[in-house]
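Engineer: The structure under discussion is supplied below as structure tokens; questions concerning it will follow.
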Amino acid sequence: MATKQKKKTTAVEKKLIGLADVVITAAERAKDPTIAIPIRALSNVSFNERKGLIEMGSKKQARSFFNVGMAKKFMQTMLVADALSELQRADLTTSLREIYYRTKHTIADSHENTFDTQDESDPVIEDLEVSLAALREELHVRAENSGSIVGPVVFGDDGDRVDCAKLGKGGYSVPSIVEPEYLEIRRCTADFVLLVEKGTQWNRLSEDKFWRRYNCILLTGNGQPPRGVRRLARRLHEEHRLPVYVLVDNDPWGYYIYSVIKQGSINLAFESQRMAIPKAKFIGLSSADPERYELPRNVGIKLNEKDIARAKELMNYQWFQKPAWQAEIKRMLSSGLKYELDALANKDFQYLTKKYLPRKLKEKDWLD
């Protein structure tokens, strides 16, 4: 009878085992077990102008067990690391929510829970990602699917052939794990990717078959795009050399979403190399568009104090220092208004697909 071959320990699993070894070694030497966690904040990132990416610095924070202020966080980190190691051994994937429940229990002889809410466990997973230099997907953790794609691209998903040109206007739900070993791009004949902030605009573009008339891929993350959507856009750009155009609201939050897609995010700077798209272009909605496309002021929304503070904050970021971007943000601030993409419906329900985007593409009217 043939014996079952033992599963080979993966590189990620070895890193997780290394964390356990830190605790064991410290215990054997009667020392305080301590791990170093890179700081995920603006104070520890820099903008690499040559690469066009936000990169994480070298600052780290020590997380130790004998420190009263850190003991719980240390314990939580080890609990999550153990759960992730279990996934590696079993070759399973799971959700952020299930990690929370897998590691939650009441500490013996107390009324203290290891975790009270998922808001505590999710950041620990991010801490482990950056500490181990391993993406969440490599740790076998996925988020809820929250993106959609339609257009001339064919995927291989778990052995199934998925033709995104033949799935109706609802398209294909983008998985949270889109790495090549999970999602194969079998064929792609598109000319570009249009990454749309809002699901409502994506629905309009899909219903009007904009992707067919302009031979493009329509992609949305329904707001701030999740990692799966950003990674898929990056793969399409990198593997098939497709330009990526980003369509967002004309407000500080739309600008920020664009910058996250283009340069990466401050909180996840360690992932920029595999997720950001430095050549992505901002196709709108621009602060110059209300005048250019004759949108009435009454469809604009007055900037509030939070909007103004956020806009000024963006202006100070190194990656927004280009003259065109400084002018863009100043123009919005001077107008005192922000505009949603939905406001284009004031002209016509199909104005976005029949007038606005066709003109933008024809005139190459975008910001870099």
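The values are calculated or read from the model by the stated rules, or taken from the named source; none is laboratory data. Predicted model, so just to flag it, every value in this text is computed and none were measured. Cβ placement follows ideal geometry from the backbone for every residue including glycine, while neighbour counts extend to all protein chains displayed. Accessible surface is based on the protein model in full, side chains and every heavy atom, while ligands, DNA and RNA are left aside. Shrake-Rupley method; radii C 1.70, N 1.55, O 1.52, S 1.80 Å.
Engineer: List the relative contact order of the chain as a percent without decimals, with contacts defined as Cα pairs under 8 Å and 6+ residues apart.
Structural biologist: 13
Engineer: Most mobile of Pro243, Pro123, Pro175 per a Gaussian network model of the chain (Cα springs, under 10 Å)?
Structural biologist: Pro123
Engineer: What residue among Asp109, Asp82, Asp289 has the largest mean-square fluctuation in a Gaussian network model of the chain, using Cα springs under 10 Å?
Structural biologist: In the Gaussian network model the winner is Asp109.
Engineer: I need the calculated FRET efficiency for the pair Asp348 and Arg212, taking r as the beta carbon distance and R₀ as 30 Å, to the nearest 0.05.
Structural biologist: The pair Asp348/Arg212 has a calculated efficiency of 0.90.
Engineer: Where Lys and Arg each count +1 and Asp and Glu each count -1, what net charge lies around Val299 among other residues with Cβ under 14 Å from its Cβ?
Structural biologist: -4
Engineer: Here's another thing I want to ask about it. Please work out the FRET efficiency for the pair Lys279 and Ala108, using the Cβ-Cβ distance as r and a Förster radius of 41 Å; give the result to the nearest 0.05.
Structural biologist: E between Lys279 and Ala108, to the nearest 0.05, is 0.15.
Engineer: Can you give the FRET efficiency for Phe66 and Asp91, using 1/(1 + (r/R0)^6), R0 = 35 Å, r = Cβ-Cβ distance, to the nearest 0.05?
Structural biologist: According to the calculation, E is roughly 0.50.
Engineer: In Å and on Cα atoms, what radius of gyration and Dmax does region 41-165 show?
Structural biologist: 18.6, 59
Engineer: A follow-up question, please. Would you mind calculating the gained length between Ala309 and Glu49 on full extension (0.36 nm times residue separation, minus the Cα-Cα distance), in nm to one decimal?
Structural biologist: Here the segment from Ala309 to Glu49 would lengthen by 91.1 nm.
Engineer: Gap in Å between the Cα centre of region 191-222 and the Cα centre of region 252-296?
Structural biologist: Their Cα centres are 16 Å away from one another.
Engineer: Among Ser259, Ala134, Asn222, which residue has its Cα positioned farthest towards the positive end of the charge dipole of the chain, with +1 placed on the Cβ of Lys and Arg, -1 on the Cβ of Asp and Glu, and the dipole taken about the Cα centre?
Structural biologist: Ser259
Engineer: Probe of 1.4 angstrom, ligands and nucleic acids ignored: what's the accessible area per residue over the chain, in square angstrom?
Structural biologist: With the other protein chains kept in place, the chain gives 50 Å² per residue.
Engineer: Continuing with the same structure: Taking Kirkwood radius over Cα pairs in Å straight from the coordinates, which label in (1) 22.7; (2) 22.0; (3) 21.3 is the correct one?
Structural biologist: Derived directly from the coordinates: (1).
Engineer: Could you give the dipole magnitude of the chain about its Cα centre, charging the beta-carbon of Lys and Arg +1 and that of Asp and Glu -1, in debye to the nearest 20?
Structural biologist: Dipole of the chain, to the nearest 20 debye: 1120 debye.
Engineer: Roughly speaking, what is the stretch gain from Gln224 to Ala327, that is 0.36 nm per residue apart minus the C-alpha to C-alpha distance, in nm to one decimal?
Structural biologist: Net length gain for the segment: 34.7 nm.
Engineer: Would you mind checking region 63-101 for residues with the amide N under 15 Å from a putative spin-label position 7 Å along Cα→C-beta of Lys31?
Structural biologist: Residues 63-66 qualify, since their backbone N sits under 15 Å from the label point.
Engineer: I would also like to ask the following. Longer than 20 Å from Cα to Cα, which of Lys31/Lys73; Lys15/Lys262; Lys51/Lys338; Lys306/Lys347; Lys209/Lys355 are they? Say none if no pair is.
Structural biologist: Lys15/Lys262; Lys51/Lys338; Lys306/Lys347, as the Cα separations exceed 20 Å there.
Engineer: Right, here's the next one. For region 167-325, what is the relative contact order in percent, using Cα pairs closer than 8 Å and at least 6 residues apart in sequence?
Structural biologist: It comes to 20 percent, rounded to a whole number.
Engineer: Sticking with this structure for a sec: Could you run the Debye sum over the Cα atoms of region 293-368, one equal point scatterer each and no solvent, and tell me log10 of I(q)/I(0) at q = 0.19, 0.23 Å⁻¹, two decimals?
Structural biologist: Log-scaled intensity ratios, in q order: -0.96, -1.13.
Engineer: Which percent of the Cα-Cα distances in region 199-316 go past 19 Å?
Structural biologist: When all Cα pairs of region 199-316 are counted, 54 percent exceed 19 Å.
Engineer: Can you list the trypsin sites (Lys or Arg not before Pro) in region 322-365 that are in a DSSP coil and have 14 or fewer other beta carbons within 10 angstrom?
Structural biologist: Here the sparse-neighbourhood loop sites are Lys364.
Engineer: Which stretch or stretches of region 146-166 have amide N atoms under 19 Å from the point lying 7 Å from His240's Cα along the Cα→Cβ direction?
Structural biologist: Answer for region 146-166: 147-166.
Engineer: Of Lys166, Lys322, Lys306, which has the largest mean-square fluctuation in a 10 Å C-alpha GNM of the chain?
Structural biologist: Lys306
Engineer: Counting only C-alpha contacts under 8 Å and six or more residues apart, can you give the relative contact order of region 288-368 as a whole percent?
Structural biologist: Averaging sequence separation for qualifying contacts and normalising by length gives 36 percent for region 288-368.
Engineer: Next up: For region 218-353, with all protein chains present and a 1.4 Å probe, just round the carbon and sulfur fraction of the accessible area to a whole percent.
Structural biologist: Of the solvent-accessible surface of region 218-353, carbon and sulfur hold 49 percent.
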